[in-house]
Amino acid sequence: MPEPRIVVGPEGIAAGVRALAAGGIIAFPTETVYGLGADAFNADAVARVFALKGRPSNNPLIVHVSGPEMARRVVADWPEPAQRLADAFWPGPLTLVLPKAPDLPDAVTASGPTVGVRCPDHPMALALIEAAATPIVGPSANPSGCLSPTTAEHVADAFPDADLPILDGGACRAGIESTVLDLTRQPARVLRPGVIGHEAIAAVLGGPVDSSEAEPAGQPADSPAASPGLLGPHYQPRTPVRLVQDARTDGIGPDEALLAWSLQSHPQGGVLIRMPADLAGFAAALYAKLHEADRLKAARIVIERPGPGADTASEAIRGAILERLSRAAGG
Ligand code: AMP
Ligand code: MG
């Protein structure tokens with residue numbers, strides 16, 4: 001039976017380039033989470049990514065590029081605000097949504113007129129894209145709707161029967177997915193919150209940024225989805241999740257695994273997984289700790305919401321964490 005193969009270093013990159021050139025898929029590390037890479041200009045390879053993930057065909061993929069020059073190959077137009085944001089935040093966890101290039105396969109964008117593009121801040125991802133000399137799609141390397149992977153082992157566990165080279169670049173630094181910013185709207189609109197907050201984006205753009213849709217439960221249920229993948233349950237472990245405000249006062253059962261930052265031990269003698277109290281650390285650790293909790297097969301995973309941040313940058317990270325938590329708990 002085929003199985004995932006963890007590959008490293010220059011040989012790993014060479015294996016990745018061969019797989020991409022042959023229309024195959026490779027898992028690769030980024031600073032956010034691990035992605036499933038395929039040549040964005042090969043429609044069959046892109047279709048294989050949707051099939052492997054079980055991803056609904058109406059949920060577009062983000063294209064990963066080595067920088068603005070390569071980004072111009074996948075967009076119809078590269079406006080000045082995009083260049084300014086790329087100068088400020090690339091390589092980094094900011095995805096820009098722009099009108100797509102006519103020759104980019106429709107499968108990438110779920111037949112929509114726009115494409116999400118970003119330059120990942122990870123040396124192996126950049127080396128892979130540069131050596132392959134092509135933009136690569138990179139949805140998170142997990143079955144659709146499940147917990148995102150932040151280590152090569154998470155990817156191998158998620159796809160035990162896939163013939164999949166996994167480029168091992170260690171644990172992901174940011175730990176949650178990129179901020180997605182729609183630049184086709186005026187003002188620009190945050191579709192998915194991430195560690196780069198709307199204030200930081202507005203400061204670079206020198207104008208307002210609409211972040212209403214990215215607030216947890218911000219979008220009314222009957223308004224049309226700007227981005228179908230960004231609604232409803234997602235990021236879900238197999239174990240049911242519930243959220244609490246304060247693990248010291250909210251009753252926790254002995255059979256519930258607890259992820260908390262304010263306690264040293266589980267109040268009922270169950271398993272406590274300690275979370276970092278600082279927000280960047282919380283975000284970086286979140287998926288790995290959820291994978292760990294999921295393996296315990298507890299009755300439930302209880303997550304204590306992170307406390308307020310000290311400044312706007314950490315408040316932005318908290319908003320992104322809360323969005324992931326509320327969807328992990330069922331949306
Ligand atoms: P993932 O790669 O699994 O982290 O998901 C990427 C998310 O970015 C998807 O859920 C999409 O909803 C969103 N996205 C990608 N491309 C576009 C686009 N062209 N327009 C709006 N949202 C997008
Ligand atoms: Mg995902």
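The values are calculated or read from the model by the stated rules, or taken from the named source; none is laboratory data. A quick note: this is a predicted structure, and the numbers were derived from the prediction, not measured. Methodologically, a virtual Cβ is constructed for each residue, glycine included, from the backbone with ideal geometry; neighbour enumeration extends over all protein chains shown. Quick note on the areas: whole protein, heavy atoms, side chains included, nothing else; ligands and nucleic acids left out. Shrake-Rupley method; radii C 1.70, N 1.55, O 1.52, S 1.80 Å.
Just to be sure before I move on: is Gly175 at pLDDT below 95 and crowded, with 23+ Cβ neighbours inside 10 Å in the structure I sent?
yes
Does the stretch 238-248 include one or more residues that are basic (Lys, Arg), exposed (fewer than 15 other Cβ atoms within 10 Å of the Cβ) and touching a Leu at 6+ places or on another chain (Cβ under 9 Å)?
Yes, there is a match, as at least one residue in the stretch 238-248 is basic (Lys, Arg), exposed (fewer than 15 other Cβ atoms within 10 Å of the Cβ) and touching a Leu at 6+ places or on another chain (Cβ under 9 Å).
Could you check the stretch 302-321 and list, in sequence order, the residues that are open to solvent by less than 40 Å² (accessible area, probe 1.4 Å) and closer than 19 Å to Thr150 by Cα?
Listed by number, the residues that qualify are Ile303, Ile317, Ala320, Ile321.
Filter the stretch 111-128 down to the residues that are within 18 Å of the chain's Cα centre (by Cα) and either open to solvent by less than 10 Å² (accessible area, probe 1.4 Å) or within 12 Å of ligand 1 (Cβ to nearest atom) (or both) and list them by number.
The answer is Val115, Gly116, Val117, Arg118, Cys119, Pro120, Ala125.
With respect to Ala133, is the statement that it is more than 9 Å from ligand 1 (Cβ to nearest atom) and open to solvent by less than 20 Å² (accessible area, probe 1.4 Å) true?
For Ala133, the condition - more than 9 Å from ligand 1 (Cβ to nearest atom) and open to solvent by less than 20 Å² (accessible area, probe 1.4 Å) - is not met.
So if I check each of Ser66, Ser57, which one is open to solvent by 30 Å² or more (accessible area, probe 1.4 Å), outside any helix (DSSP H, G or I), within 16 Å of ligand 2 (Cβ to nearest atom) and not hydrophobic (A, V, I, L, M, F, W, C)?
Ser57
Of these, Val155, Val209, Val190, which one is within 16 Å of ligand 1 (Cβ to nearest atom), at pLDDT 95 or above and surrounded by fewer than 24 Cβ atoms within 10 Å (Cβ to Cβ)?
Going through Val155, Val209, Val190 in turn, the sole match is Val209.
Could you tell me whether the stretch 254-272 includes any residue that is more than 16 Å from ligand 2 (Cβ to nearest atom), at pLDDT 95 or above and touching a Phe, Trp or Tyr at 6+ places or on another chain (Cβ under 9 Å)?
yes
Checking the structure you have, find out if any residue of the stretch 40-52 is surrounded by fewer than 19 Cβ atoms within 10 Å (Cβ to Cβ) and assigned to a loop (DSSP other than H, G, I, E, B).
No, that holds for no residue.
Within the stretch 25-39, can you find the residues that are open to solvent by less than 20 Å² (accessible area, probe 1.4 Å) and in a loop (DSSP other than H, G, I, E, B)?
Within the stretch 25-39, Pro29, Thr30, Glu31, Thr32, Val33, Tyr34 qualify.
Starting from the stretch 68-80, keep only residues that are in the same structural domain as Asp103 (by TED's automatic domain parsing) and farther than 15 Å from Ile129 by Cα, then list their pairs with residues that are aliphatic (A, V, I, L, M) and assigned to a helix (DSSP H, G or I) whose Cβ atoms are within a distance under 7 Å, requiring at least 6 positions of separation or different chains.
Trp78/Ala71
Within the bounds of the stretch 273-282, is there any residue that is surrounded by fewer than 16 Cβ atoms within 10 Å (Cβ to Cβ), in a strand (DSSP E or B) and over 15 Å from the mean Cα position of the chain (by Cα)?
The answer is yes; a qualifying residue exists.
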